[in-house]
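Trainee: Dropping the structure in here first, questions after.
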Amino acid sequence: MKTEISIEFFPPQTPEGIDKLRATRARLAELKPTFFSVTYGAGGGTRERTIAVVKEIAAEGFDAAPHLSCIGSTRAGIREILGEYKAAGIRRTVALRGDLPSGMAEAGEFRYANELVEFIRAETGDWFSIEVAAYPEWHPQARSPRDDLKAFARKVKAGANSAITQYFYNADAYFNFVDEARALGVDVPIVPGIMPIAGFTKLARFSDACGTDIPRWMRKKFESYGDDVDSIRAFGLDVVTGLCEHLLKGGAPGLHFYCMNQAALTTEICRRLG
Ligand code: FAD
């Protein structure tokens, strides 16, 4: 049976980046993803760029899922962007709270993602299939794992159809999260987010910020490779492919790739997965 995959992009800042993303997309299209999603800067920082990439993907005949983060936004602003996506025939969105960029103090009219999910349902009924974020290793601001799990269940209850997780390298964290969510009555698919590993320094910094644990055995090996990019890439591919195999064997309903606008690693992992 074919594994369902989806692939996430960020909206490029330059014309060269846009061209490069087109080439990346053409390669990744060969994997026949269910959808391509496009991130959205909290507070509307990437608004126009996200909309442009989403429309381009849809015009190429693919399912496009714009992310929509609500922190720093007004209801009127979100209503407008939903209207624009609806008019463009977009049927899926990833609904998030987002994180305000430092220095941006305006919190707006939404506090948490469940309020955005409720708003989308109230405004547009069943038009959109809504994805929400899930955190197998817990969101860094959560008061406790229990509170985070309840917040997740609340988002789903508000009308989400499916969830995508933060990336992680501990499969047990994912399986435990799914079991606990099921025990709370959450029955939507929880798709693991997969971050292919292109380099270690940036990944380590980013993982610290978003609360992803890089297990010691992996960290030690990556550190031992120093600047040897070929070894980092080879080990990263082995680790992430093994993780994907383990997740799929354990019942994961699909895979969502954070491809960082690059085709090579995601393509290679999928090739190895067959
Ligand atoms: P929420 O579900 O609202 O949760 C945020 C925090 O608040 C959690 O700690 C939760 O436990 C807590 N919480 C929730 N409800 C309550 C309550 N009622 N009372 C007290 N605490 C509560 N960011 C972007 O800016 N743009 C993107 O495009 C983007 N895409 C992403 C895609 C995926 C798949 C994932 C996993 C993350 C993405 N992010 C994106 C990052 C995300 O916006 C951040 O992780 C953000 O900090 C939380 O967003 P959320 O939607 O999970 O928030």
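The values are calculated or read from the model by the stated rules, or taken from the named source; none is laboratory data. No experiment lies behind these values; they were computed from the predicted model shown. Note that each Cβ is placed from the backbone with ideal geometry, even for glycine, and that neighbours are counted across all protein chains shown.
Trainee: Could you list all residues from the range 124-149 that are charged (D, E, K, R), surrounded by 15 or more Cβ atoms within 10 Å (Cβ to Cβ) and within 10 Å of the ligand (Cβ to nearest atom)?
Mentor: Glu131, Asp148
Trainee: Now for a different question. Test Ala42 against the criterion of being small (Gly, Ala, Ser), modelled with pLDDT of 95 or more and either within 13 Å of the ligand (Cβ to nearest atom) or more than 14 Å from the chain's Cα centre (by Cα) (or both), and give yes or no. If you could, list the steps in order and put the result at the bottom.
Mentor: Details: small (Gly, Ala, Ser): yes; modelled with pLDDT of 95 or more: no; either within 13 Å of the ligand (Cβ to nearest atom) or more than 14 Å from the chain's Cα centre (by Cα) (or both): yes.
No: the conditions fail for Ala42.
Trainee: I'd like the residue in the range 208-233 that is part of a helix (DSSP H, G or I) and in contact (Cβ under 8 Å) with a residue 40 or more places away in the chain and, out of all such residues, is farthest from Cys244 (Cα to Cα).
Mentor: Here the answer is Ala209.
Trainee: Can you name the condition, by its number, that Ala58 falls short on among (1) of a type outside the set (Asp, Glu); (2) modelled with pLDDT of 95 or more; (3) closer than 27 Å to Leu149 by Cα?
Mentor: For Ala58, the failing item is (3).
Trainee: What about Ala160, is it within 12 Å of the ligand (Cβ to nearest atom), outside any loop (DSSP other than H, G, I, E, B) and of a type in the set (A, V, I, L, M, F, W, C)?
Mentor: The answer is no for Ala160.
Trainee: For the range 188-202, indicate whether the set of residues that are away from the ligand (no atom under 11 Å from the Cβ), within 22 Å of Thr266 (Cβ to Cβ) and without any contact (Cβ under 8 Å) to a residue 24 or more places away in the chain is non-empty.
Mentor: Yes, that holds for at least one residue.
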